[in-house]
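Student: Before anything else, here's the structure in question.
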Amino acid sequence: MRIRNAGVIVVAALALAAAGCGGDKASDKSSDQKQQGGSLVIWADDKRAAALKPFAEQFGKDNGVTVEVKAVSKDLQTNFVTATQAGSGPDIVVGAHDWIGNLVQNGTIEPVQLSAEQKAKFQEIAIKGVTYNGQLYGVPYAVENVALIRNTELAPTAPSSIEDLVATAKQLKAAGKVSELMCLQVGQTGDAYHIYPLYTSGGGHLFGTKSNGDYDPTDLGVGKPESIAAFEKIRALGEKGEGALKRSIEAGNAISTFTSKKCVYLISGPWAITDIKKAGLEYDITPVPGFTGGKPAQPFVGVQAFYVSSKGKNKAVAQEFVANYLTRTEVAKALYDAEPRPPALTAALDQVKSSDPDAQKFLAAGANGAILPAIPEMAAIWDPFGKAEAAIVGGADVATTVAGAAKTISEQIKK
């Protein structure tokens with residue numbers, strides 16, 4: 001696999017020789033410079049590291065670069081910020097677009113260089129997700145959102161509402177066909193990402209928006225009457241109510257509980273499909289239903305992207321990798337084949353949609369979605385919101401719990 005833009009290769013190679021080989025003389029920068037390349041270090045989480053490794057290694061072979069893909073299992077964003085500020089971070093990091101505000105605020109990433117022609121090759125929402133304060137800070141490779149995945153052998157018809165879903169699941173449980181009503185990961189500390197469709201259907205929101213459509217961090221939705229009303233509906237689904245939401249269903253077992261046929265409904269994303277197919281389940285993918293009489297359920301739409309470190313040792317080569325290698329259709333399609341998240345690159349997505357209806361169904365489920373806020377203030381949301389959700393699912397008083405979360409979030413935003 002050769003990168004088409006030979007001129008960029010020459011520039012990148014010259015920069016690489018200077019950065020990676022110290023005081024090389026100009027006479028050394030000859031046609032054999034591939035044998036004198038430096039290194040490129042990429043950090044990603046476990047799944048993405050495994051998917052990315054063969055393509056990164058191919059780039060290295062093509063360009064005389066030693067490429068190391070390191071899997072960081074926990075706290076990838078925090079570890080990246082800490083390591084980068086200490087001068088020991090990677091050249092590239094892979095992560096969700098809602099990291100951008102925090103990473104820019106901490107001075108750990110720099111804008112990426114894509115031409116207008118290159119930008120036009122991506123889904124519009126993908127480019128929107130990685131644009132912050134008018135600057136493009138990442139090269140998107142996948143767009144994702146949660147949907148309702150159901151075992152069609154047990155539930156042939158998609159539910160029209162959450163209430164319909166619960167009623168069907170209760171019938172199946174009474175018949176001894178399932179042991180859980182719904183697999184939506186909550187855990188002991190909650191999960192704002194997965195509960196968000198139900199929260200929005202109940203009327204809640206995280207931040208208001210400005211006249212230009214950007215999120216307004218001064219308009220916090222958590223703590224307002226609408227958020228309390230939404231959490232009341234969530235509590236009614238919890239352990240002291242219908243029992244459809246449980247803290248015992250968490251990230252580590254939500255998918256496996258579904259694939260083992262212990263529940264008929266799973267709210268999850270495209271990352272769940274590989275395990276579902278391995279289990280041989282008959283399934284369908286539809287939008288997450290809302291509450292009867294409520295607002296539409298809006299999942300978060302997230303963008304997975306590659307970011308160039310502001311303190312990387314080989315910035316020119318890092319820019320080359322993200323801008324002129326990852327933007328190739330065959331690479332984007334191969335990354336999808338390794339881990340099925342709908343490609344951000346339109347040409348690759350078109351190929352995927354023609355051969356895999358699941359991608360189209362996830363996109364349809366996210367058509368009404370809300371772009372995940374990338375503002376720095378979003379970092380203050382996750383932990384307090386999640387803990388409030390878990391407590392409320394467990395039966396805690398909604399008004400006082402939400403008020404406490406709102407206070408914590410507000411204080412963190414003001415810091």
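Here, each number is a calculation from the coordinates, and none is a lab measurement. Note that this is a predicted model, so its numbers are computed, not measured. All Cβ positions, glycine included, derive from the backbone under ideal geometry; neighbour counts span all protein chains shown.
Student: What is the order of VAL308, VAL317, fewest Cβ neighbours within 10 Å to most?
Tutor: VAL308, VAL317
Student: Rounded to the nearest 500 deg cm²/dmol, what is the calculated helix-only ellipticity per residue at 222 nm for the chain, with -39500 (n - 2.57) per DSSP H run of length n ≥ 4?
Tutor: Details: 17 runs with 174 residues, N = 415.
My calculation for the chain gives -12500 deg cm²/dmol from helical runs alone.
Student: Could I ask something else about it? When the chain is fully extended, how far beyond the present Cα-Cα distance does GLU68 get from GLU411, taking 0.36 nm per residue of separation? Write out the running numbers ahead of the final one.
Tutor: Values: separation 343, 0.36 × 343 = 123.48 nm, distance 3.97 nm.
Length gained, GLU68 through GLU411: 119.5 nm.
Student: Between LEU76, GLN135, GLY87, whose Cα lies farthest towards the positive end of the dipole of segment 55-204 when Lys and Arg beta carbons carry +1 and Asp and Glu beta carbons carry -1, centred on the Cα centre?
Tutor: Final value for the positive-end residue is LEU76.
Student: Find which of ALA279, ALA338, GLY290 sits farthest along the positive direction of the dipole of segment 270-408, computed with +1 on the beta-carbon of Lys and Arg, -1 on that of Asp and Glu, about the Cα centre.
Tutor: Toward the positive end, the furthest listed residue is ALA338.
Student: Here is a follow-up. Arrange the following residues from fewest to most other Cβ atoms within 10 Å of their Cβ: GLU144, GLU239.
Tutor: Details: GLU144 24, GLU239 17.
In order of increasing Cβ crowding within 10 Å: GLU239, GLU144.
Student: Extension gain LYS170-ALA251, at 0.36 nm per residue separation less the Cα-Cα distance, in nm?
Tutor: Details: separation 81, 0.36 × 81 = 29.16 nm, distance 2.30 nm.
Gain on extension, LYS170 to ALA251, equals 26.9 nm.
Student: Local charge sum around LYS47 (other residues, Cβ-Cβ under 13 Å, Lys/Arg +1, Asp/Glu -1)?
Tutor: Values: positive: ARG48, LYS53, ARG341; negative: ASP45, ASP46, GLU144, ASP275, GLU339.
So the surrounding residues net to -2.
Student: While we're here: Quick one: work out Rg over Rh on the C-alpha atoms of segment 75-149, Rh as Kirkwood radius.
Tutor: On the way: Rg = 13.6 Å, Rh = 13.5 Å.
Using only Cα positions, Rg/Rh for segment 75-149 is 1.00.
Student: For the pair ALA347 and THR218, how long in nm is the line joining their label points, each one 7 Å along Cα→Cβ?
Tutor: Spacing of the two 7 Å Cα→Cβ label points: 4.5 nm.
Student: Which value in nm describes the separation of the simple spin-label points at LYS47 and GLN105, placed 7 Å from the Cα toward the beta carbon?
Tutor: For the pair LYS47/GLN105, the computed spacing is 2.7 nm.
Student: Using packing as a proxy for protection, rank 127-137, 336-346 so that the peptide with the highest average count of other Cβ atoms within 10 Å comes first.
Tutor: On the way: 127-137: 17.9, 336-346: 21.6.
Going from most to least packed, we get 336-346, 127-137.
Student: Viscosity 0.692 mPa s, temperature 37 °C: give me the Stokes-Einstein translational D for segment 168-235 in µm²/s, with Rh taken as the Kirkwood radius over C-alpha pairs. All intermediate terms of the calculation are to be shown ahead of the outcome.
Tutor: Working: Rh = 14.1 Å.
Roughly 233 µm²/s, to the nearest whole number.
Student: log10 I(q)/I(0), Debye, Cα-only the chain, no solvent, q = 0.07, 0.09, 0.13 Å⁻¹?
Tutor: With one equal scatterer per Cα and no solvent, log10 I(q)/I(0) is -0.36, -0.58, -1.12.
Student: Multiplying the sequence separation of THR157 and THR400 by 0.36 nm and subtracting their Cα-Cα distance, what value in nm do you get? Each step should come with its number before you reach the end.
Tutor: Values: separation 243, 0.36 × 243 = 87.48 nm, distance 3.85 nm.
Net length gain for the segment: 83.6 nm.
Student: Structure shown: which of LYS128/LYS407; LYS119/LYS387; LYS277/LYS353; LYS240/LYS361; LYS295/LYS387; LYS61/LYS128 lie over 27 Å apart, alpha-carbon to alpha-carbon? Don't skip to the end; give the middle numbers.
Tutor: Details: LYS128/LYS407 30 Å; LYS119/LYS387 38 Å; LYS277/LYS353 17 Å; LYS240/LYS361 33 Å; LYS295/LYS387 24 Å; LYS61/LYS128 33 Å.
Pairs exceeding 27 Å: LYS128/LYS407; LYS119/LYS387; LYS240/LYS361; LYS61/LYS128.
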